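Scroll down for the structure; my scribbles are underneath it.
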Amino acid sequence: MLQTETKSISFTEFVEWKPDGRNYELHDGVIIEMQPKGKHEEIIGFLNTEFTLQFRLLKLPYLIPKQVLVKVLDRETCYSPDVLVLNRNNLTNEPLWEKCSTVQDSNSIPLTVEVVSSNWRDDYLSKVRDYEEIGICEYWIVDYLGLGGIRYIGNPKQPTISIYHLIDREYQVTQFKDNDLIVSPTFPELQLTVAQILNC
């Protein structure tokens, strides 16, 4: 993750500036360039495939786009999640969808995933807060290197998948490690262990 600008800009300025094919986020008016590494990308590709199989099997009107922004309401902040499952049926209710491939309505976002890299504090602090505020029902943090703070993944640190599920407008978190079978509220028939995801 690289901070590319020091002066604060608006979301509108950001989307007008953002070049195609490059992965940037806007954190409280500051442009951040995201630079995922090899294993990071492998996990993203694996989860994209597994989620696609699930929603096709369940005949859900979902899609997984390549580059979509999730806008935080009333702030100059937007994220580009590593995996973003969208509900096609709600995109007509998204005022920024056609103009700049941006969503901000929780009904459009059944599930989002962040694969942890050096910016782990963003995933465990800022994004948990902001995704909860938006009302995203399910948020995964895939910490494949065990980088997160001890208060988030325990001691000793080890690779962990944390799944945040929205209950009464607050996230409840369940953690999975090693050969634990993942429990996903969005895809209840998903049959994957942490080890299968991390060793994909």
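Remarks
- Among residues of region 9-20 that are among the β-branched types (Val, Ile, Thr), those with a beta-carbon under 8 Å from a residue that is open to solvent by 50 Å² or more (accessible area, probe 1.4 Å) and not in a helix (DSSP H, G or I) at least six positions away or on a different chain give the pairs ILE9/GLU76.
- Odd one out for HIS40, checked against (1) assigned to a helix (DSSP H, G or I); (2) touching a Ser or Thr at 6+ places or on another chain (Cβ under 8 Å); (3) modelled with pLDDT of 95 or more: (3)
- Matching residues in region 101-123 - criterion: being part of a strand (DSSP E or B) and either of a type in the set (D, E, K, R) or buried (at least 20 other Cβ atoms within 10 Å of the Cβ) (or both): VAL103, LEU111, THR112, VAL113, GLU114, VAL115
- Some residue of region 187-197 being within 20 Å of LYS39 (Cβ to Cβ) and within 18 Å of the chain's Cα centre (by Cα): yes
- Among residues of region 145-177, those that are open to solvent by 60 Å² or more (accessible area, probe 1.4 Å), closer than 20 Å to HIS40 by Cβ and touching a Leu at 6+ places or on another chain (Cβ under 9 Å), counted: 1
- You will find that of LEU190, LEU181, LEU198, the residue that is without any contact (Cβ under 8 Å) to a residue 60 or more places away in the chain and not small (Gly, Ala, Ser) is LEU181 and no other.
- Residue within region 70-89 that is over 22 Å from LEU145 (Cα atoms), open to solvent by less than 40 Å² (accessible area, probe 1.4 Å) and in a loop (DSSP other than H, G, I, E, B) present: yes
- Of the residues examined, LYS37 is one that is open to solvent by 80 Å² or more (accessible area, probe 1.4 Å), more than 14 Å from the chain's Cα centre (by Cα) and under 27 Å from THR193 (Cβ atoms).
- Leading residue by the ranking (farthest from GLU132 (Cα to Cα)) among those in region 67-97 that are in contact with a Cys (Cβ under 7 Å, 6 or more places away or on another chain) and of a type outside the set (Val, Ile, Thr): LEU69
- Pair list, Cβ < 7 Å and 6+ apart or interchain, from region 80-99 residues that are among the basic types (Lys, Arg) to residues that are open to solvent by 10 Å² or more (accessible area, probe 1.4 Å): ARG88/PRO61; ARG88/TYR62; ARG88/LEU63
- Residues of region 143-174 that are among the polar types (S, T, N, Q) and farther than 21 Å from PRO110 by Cβ: ASN155, GLN158, THR160.
- Residues located in region 46-59, provided they are open to solvent by 30 Å² or more (accessible area, probe 1.4 Å) and either touching a residue at least 40 places away in the same chain (Cβ under 8 Å) or small (Gly, Ala, Ser) (or both): PHE46, GLU50, LEU57, LEU58
- Test: VAL142 is in a strand (DSSP E or B) and either aliphatic (A, V, I, L, M) or open to solvent by 10 Å² or more (accessible area, probe 1.4 Å) (or both): yes
The values are calculated or read from the model by the stated rules, or taken from the named source; none is laboratory data. As the structure is a computational prediction, the values presented were derived from the model and not from experiment. Every residue, glycine as well, gets a Cβ built from its backbone with ideal geometry; the counts of neighbours run over all protein chains shown. When the accessible area is computed, the model is the full protein with side chains, heavy atoms only, and any ligands, DNA or RNA have been set aside. Shrake-Rupley method; radii C 1.70, N 1.55, O 1.52, S 1.80 Å.
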